[in-house]
Amino acid sequence: MKKSKLERAVIFVTGGAGFIGSNFIRYMFKNTAFKGKIINYDKLTYAGNLANLEDVAQKYGKTRYVFVKGDICDYKKVFHTLKKHAVTIIVHFAAESHVDRSICGPKDFIETNVHGTFTLLEAVRALWLCSPDKRQATDNKQSYYRFHHVSTDEVYGSLGGTGSFSETTPYDPRSPYSASKAASDHIVRAYFHTYGLAVTISNCSNNYGPYHYPEKLIPLLILNALEGKSLPVYGDGKNVRDWLYVEDHCCAVWEILRKGRPGETYNVGGNCEMKNMDVVHAVCRRLELARPAAANPALKGRKYADLVTFVKDRPGHDRRYAINASKIKRELGWKPAHDFEGGLKAAVQWYLENGGWVKKIKDASYALWLKKNYRRR
Ligand code: NAD
Ligand code: TYD
């Protein structure tokens, strides 16, 4: 993509109030040469919170950052927002993202991840491909327009003891979450092949870092441990995930926007395979250094590691994920800048210093829960 056009573009970020989306928006303003405008389009589900972007809104709110509360399934609202702001780049993070929730209730996953992605694509097709700029939207060499779809390594299914996922690994999703993401990836690719829409896709491994919603493993461990609550380990704790510090993921997406080729998929990973039990112990060790259990009254004389509790396994729990990220390294020069020890140290420190954020997130979730349950009565 032409550098000057990208750097001054209007970027429509879906799900920008969530974990990775909010880190991405902050990264764009703080760490890149981007000088354009970002429209953060988010429904603010339980996982989306404007507390994730208070600093950004304060600094850029009057000039280069706009928040729009909206659902990606709402065609009219998406279309009008894209048109009003003359958007030329979309970075699509919005999704229902938690595997356990998808097992309890898959409907929202199909609605947002599949129907929502389709709706976005339809709005973009109507605007970009039916506009007088049509030629640019479909010019694969130097496309001014871009639809970047953020996806997961979970679409590839579960690995045995060896091997890793490459961009050509056949899809084999197992959970309602990964199946819905797989469906959305296929639809996005279809818009490239059928309509010539300039799309790129990234399939990334497990992220961790600041603003991570505390239902996911690493923030759950940190916050439960600090409160002296149990650290639930599913099954035998030997399932393997490939962990990536969230800022490295944001950097990968930016590199794909800058240099990625339309129609291409890029796998993004931390080259950091770990068994869940090893992650649990690493978090406990890090907390013992940063805030020793002996000095934490909630622990009542126990060590953090004493809180580990094996619980019933997740149904259909994928055994192992591992990403082969050699394509993005070879073609775009991206590789992770953080190793797990460094990333975890930063993440733990962030949670220790941001008790106010944790309280806001927990209070907001409780308020949402109350509202939902009140409606059901
Ligand atoms: P998240 O759950 O923290 O945030 C999702 C955001 O999307 C929230 O702000 C939510 O309000 C918003 N949203 C949900 N439904 C919406 C709708 N219908 N319309 C508009 N906004 C809606 O998720 P995350 O962990 O930040 O993940 C972001 C993306 O990255 C997802 O597409 C996910 O599949 C993908 N991904 C995540 C990981 C990970 O480890 N978290 C790894 C690889 C890929
Ligand atoms: P999670 O953070 O939910 O991400 P994903 O399911 O997308 O990989 O879980 C990461 C791993 O940790 C996964 O193997 C399930 C496991 N896990 C636990 O053992 N205990 C927990 O409380 C949670 C939330 C996850």
Quiz prompt | Filtered residues of the stretch 88-132 (kept if in a loop (DSSP other than H, G, I, E, B), within 10 Å of ligand 1 (Cβ to nearest atom) and closer than 22 Å to residue 67 by Cα) | solution = 93, 94, 95, 96, 97
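For residue 146, indicate whether it is modelled with pLDDT under 95, out of contact with any Phe, Trp or Tyr (no Cβ under 6 Å at 6 or more places or on another chain), closer than 20 Å to residue 198 by Cα and not hydroxyl-bearing (Ser, Thr, Tyr). Give the steps one after another, and end with the answer.
Numbers: modelled with pLDDT under 95: no; out of contact with any Phe, Trp or Tyr (no Cβ under 6 Å at 6 or more places or on another chain): yes; closer than 20 Å to residue 198 by Cα: yes; not hydroxyl-bearing (Ser, Thr, Tyr): yes.
The answer is no for residue 146.
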Quiz prompt | Of all residues making up the stretch 45-83, the number that are under 12 Å from residue 16 (Cβ atoms) and without any contact (Cβ under 8 Å) to a residue 12 or more places away in the chain | solution = 1
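Quick one: which residue in 221, 226, 231 is within 15 Å of ligand 1 (Cβ to nearest atom), of a type in the set (A, V, I, L, M, F, W, C) and farther than 30 Å from residue 145 by Cα? Don't jump to the end; show me each part of the working.
Values: 226 fails: within 15 Å of ligand 1 (Cβ to nearest atom); 231 fails: within 15 Å of ligand 1 (Cβ to nearest atom).
Checking each option against the conditions leaves just 221.
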Quiz item: Mind checking which residues of the stretch 193-207 are crowded, with 22+ Cβ neighbours inside 10 Å and assigned to a loop (DSSP other than H, G, I, E, B)?
Solution: 197, 198, 205
Exercise. Can you give me the number of residues within the stretch 208-242 that are outside any loop (DSSP other than H, G, I, E, B) and either modelled with pLDDT under 95 or more than 9 Å from ligand 2 (Cβ to nearest atom) (or both)?
Key: 5
Practice problem: May I ask you to verify whether residue 92 is under 16 Å from the mean Cα position of the chain (by Cα) and not hydrophobic (A, V, I, L, M, F, W, C)? | Solution: yes
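Among the listed residues 98, 80, which satisfies the condition of being crowded, with 16+ Cβ neighbours inside 10 Å, closer than 23 Å to residue 115 by Cβ and either modelled with pLDDT of 95 or more or out of contact with any His (no Cβ under 6 Å at 6 or more places or on another chain) (or both)? Working first, answer last.
Working: 80 fails: crowded, with 16+ Cβ neighbours inside 10 Å.
Every option except 98 fails the conditions.
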Self-check item: Tally of residues being over 24 Å from residue 359 (Cα atoms) and in contact with a Leu (Cβ under 7 Å, 6 or more places away or on another chain) across the stretch 37-86
Solution: 5
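Going by the structure shown, is residue 79 closer than 18 Å to residue 127 by Cβ and either more than 15 Å from ligand 1 (Cβ to nearest atom) or outside any strand (DSSP E or B) (or both)? Quick ask: steps written out before the conclusion?
On the way: closer than 18 Å to residue 127 by Cβ: yes; either more than 15 Å from ligand 1 (Cβ to nearest atom) or outside any strand (DSSP E or B) (or both): yes.
Taking the combined requirement at face value, the residue satisfies it.
The values are calculated or read from the model by the stated rules, or taken from the named source; none is laboratory data. Just so we're clear, the structure is a prediction, and the values are computed from it rather than from any experiment. Cβ sites come from the backbone with ideal geometry, for glycine too, and all protein chains shown count toward neighbours.
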